[in-house]
1. What does the structure give for A:142-148 when I average, per residue, the other chain Cβ atoms found within 10 Å of the residue Cβ?
2. Can you give the convex hull volume per residue for the Cα atoms of the protein assembly as shown, as a whole number of Å³?
3. Suppose R0 equals 41 Å; then what is the FRET efficiency for B:Lys322 and A:Glu62 from their Cβ-Cβ distance, rounded to the nearest 0.05?
4. When only alpha-carbon atoms count, how far does segment A:98-169 stretch along each of its three principal axes, as whole angstroms with the largest first?
5. Taking the alpha-carbon set of chain B, what are its Rg and Dmax in Å?
6. For segment B:168-174, take each phi angle, set θ = phi - 60°, evaluate the Karplus expression 6.51 cos²θ - 1.76 cosθ + 1.60, and give the result in whole Hz per residue in order, putting x for glycine and proline.
7. How large is the dipole of segment A:283-343 about the Cα centre if only Lys and Arg carry +1 and Asp and Glu carry -1, each at its Cβ, rounded to the nearest 20 debye?
8. Between segment B:422-447 and segment B:133-168, what is the separation of their alpha carbon centroids in Å?
Number of protein chains: 2
Amino acid sequence: MIDDNVLTKLVLIVGNDHVISNEEAKLSYEIDWRGNFSGRSLIVVKPQTTHQIQQIIKVCQELSIAIIPQGGNTSLCGGGVPVNDYDKPQIILNLSLLNKILEVDTANNSITMEAGCTLANVITAADQQERYFPLSIASENNCQIGGNIATNAGGIHVIKYGMMRDLVLGLEAILPNGEIVNQLTTLRKNNTNFDLKQLFIGSEGTLGIITKAILKLYPKPEKYITGLIGIADIEQAVAILSQLQSKFSVCAFEIIHSSAQNIYNTYFPDSQFPISAKWLILFEFETASTEAEEFELETLFNIFSRLNINLNEAIIADTSNKRDNLWHIRENIPLAEKMHGYAVKHDISLPISQLESFIQSNSANILKYHPHAQIIMFGHLGDGNLHYNVQLDNQLNTKTNEAKINEIVYNDVIKHGGSISAEHGIGQLKLELYRMTSDPQSYLLAKQIKQLIDPNNILNPGKIF
Amino acid sequence: MIDDNVLTKLVLIVGNDHVISNEEAKLSYEIDWRGNFSGRSLIVVKPQTTHQIQQIIKVCQELSIAIIPQGGNTSLCGGGVPVNDYDKPQIILNLSLLNKILEVDTANNSITMEAGCTLANVITAADQQERYFPLSIASENNCQIGGNIATNAGGIHVIKYGMMRDLVLGLEAILPNGEIVNQLTTLRKNNTNFDLKQLFIGSEGTLGIITKAILKLYPKPEKYITGLIGIADIEQAVAILSQLQSKFSVCAFEIIHSSAQNIYNTYFPDSQFPISAKWLILFEFETASTEAEEFELETLFNIFSRLNINLNEAIIADTSNKRDNLWHIRENIPLAEKMHGYAVKHDISLPISQLESFIQSNSANILKYHPHAQIIMFGHLGDGNLHYNVQLDNQLNTKTNEAKINEIVYNDVIKHGGSISAEHGIGQLKLELYRMTSDPQSYLLAKQIKQLIDPNNILNPGKIF
């Protein structure tokens, strides 16, 4: 229960309508998207201005209350909910009412907004001005720009447009001492000292609360060429990617292992993969016009013939309908997987040259331990990002087995120069793993910076560290 | 003169052949590229390994000696030479012997090298493996990768490939306490905590000494389409840029004002601009093949006709010879300017939508103060980066006049949301200007981070702060 004194102070700041103190009503804010993490909060506050957030921080510093900044609450690592049984009281600072698009500048190709805008709203606002914002992740209707920045979101267009970090021109953040760091700029070239905005990008709300941002926009792609082809191994995929990139503006290059194809076909009998192979590649590139499309298709077929790809086993989507169908299949793989049962999931990345070797040695290691384990693989090859999920028979789904599988997977990831978290971040989920696998001096320096900026550890405690 | 004790310790670390203690021989390391800044050093040391640098730092910490990290010594802001009359003794730590290319990974499109490699060597090493490293700045034969990273170098390809920051996958840096921060990774997706490498990029050697780096490579462009067209105003240039970007992979978009054209034509009478106009645009985009080139030229002419650009006043370079000529002219503008006499130079950037308004109001303000001032303008329009140089009659070239011109220019830059240093950094040159124009909380935070990492201020003191 919240102390009347705290409640009064917070209500005075944001108004009665913008606090949620009822235990029942708070629940949906206190549990994460996957249902794996939850913690109690004193209260949920929904400020409407930067100034209100500054005042809230001051109250929390005074009373030693921790603040959990929360956007769309779509973190896959428990990054946006309170920590269970934390030693300080926690409040949730939900940013969804800071949701104004402030400017779309078509000359400068930039968009300025408050941090609580959903990704979908930003995409739409850009689209209305004939511009394109390329971040593409499944949660776009719920996730918010502040969270996308705080977690350095990835998705399927990273191969061409980069991660969220690459899309941020400027931002405003409020420090744990209540002061505003103003890095709001639309400039593409600005070499005045350390690029401080980089500190806040990917810091998962532990260094500051992002309140505004300015993002890059791009010309709106007119058309796409999308294709699905079957191949025998990753090496061939790398060769195809290299050829495509030398000719086209490749914006997606997904690989889907037969394990994932089979599961999809089982649970979506009415749609099915139109072809099958050990690996399928789903690629897409942007094309500037119908004339360009014709010309580029010709170039594409030349590449295929040079690489001995059987065109009878390739699907090229020449209508937007066919394109939607291919992406629909890709996007429903996680759902098919869920229907198939619980899996130990890994969001990892590897140097592209190490992918094949990692998969071979790690599959062998997993099967040695659990001969009936199923390894379901798909990912974004262009970025070396693999979703690598291990499914066991129901009766083997124990904490111990899960820990053992994680150990086998992450050991091989580290051995092959990979990352234990490609795009989902650390949150509460990978705290220990991060500590154990990080370069020691980097870990120490990160902790020192956290200590410098948030000496009382009131901002999103229990995340990352 | 160097104390025998210090000399002995440093010689023991790097060997007698890799120290320069002779006063005469040190001079060229102690004065900057433009000849504007110089300071005395105890000694110049040229370590060959990361470990030697760690040992040098320990000696310097022990004896309270400042370290000036130096790459190719091509800073345009005095960033790589000792500060004059500093209260601590200073040594120059020259990285030119850490110059090995360690790996070119064509599957992963990355290159790993020691920090003392010249930019030209990196470009060549990539080229030998049919890959492309896109950073393009005039000093490529002298400048080193460590310096390019420490200053976040820019150049003419930023519009497509970004600044040096966007090209760095990983790096290794040695902290002022002698410890190594290992952020060497080839991964394109890695969301494990703060992206600490960002701190060192653009920090001008004040936070750590960069010793190794891993950079992104790209497919080698096969051909270019390059053109020069005359236009009436910046607004028209922005419209053309927008059209070109929607159809092509634009990798350069330079604007050259008639002031710069006239000076070039005066001092290079044998070459001359082939056309003239209030503004000229020099643009370039990459094209994948001869067939693509034909098709794209047609698209280009359609754009020109839609935008009412007179093709008789446009030059399209259809041979690599003609292309070289156009770039030769562009690259010699600074030389022509130098021949014309001293100018007060400004490396500024502005939001593209503010460029025209800045130029109009600032030219008027300059002319009000100095009716005969000549303003020479050229720049990278795609990034809003303008080289804006003010030339006065010889007898007016006084410190007072220079200060007044700077004041007029930078006031208007700030008023229009621009940056006082687009690509050259702060160094010793813009220290005060940076302090005065920076967001106060950002300045404070930057200083706190410097203090945290380098509490004794032994790393490149007198730069930035």
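The values are calculated or read from the model by the stated rules, or taken from the named source; none is laboratory data. None of these values were measured; they are calculated from a predicted model. Neighbour counts run over all protein chains shown; Cβ positions are idealised from the backbone, glycine included. Please note that ligands, DNA and RNA were not included when accessible areas were found on the heavy atoms of the full protein model with its side chains. Shrake-Rupley method; radii C 1.70, N 1.55, O 1.52, S 1.80 Å.
1. Details: counts 0, 0, 0, 0, 0, 0, 0.
The per-residue average across the peptide is 0.
2. On the way: hull volume 165.8 nm³, N = 930.
Once divided by residue count, the hull of the protein assembly as shown is 178 Å³.
3. Values: r = 70 Å, r/R0 = 1.70.
After rounding, the FRET efficiency stands at 0.05.
4. 27, 25, 19
5. According to the Cα coordinates of chain B, Rg and Dmax are 23.3, 74 Å.
6. Here the 3J(HN,Hα) series is 8, 8, x, 7, 10, 9, 9 Hz.
7. Details: 5 positive and 12 negative charges, 83 e Å.
Around 400 debye, computed over segment A:283-343.
8. Measuring centre to centre over Cα atoms gives 21 Å.
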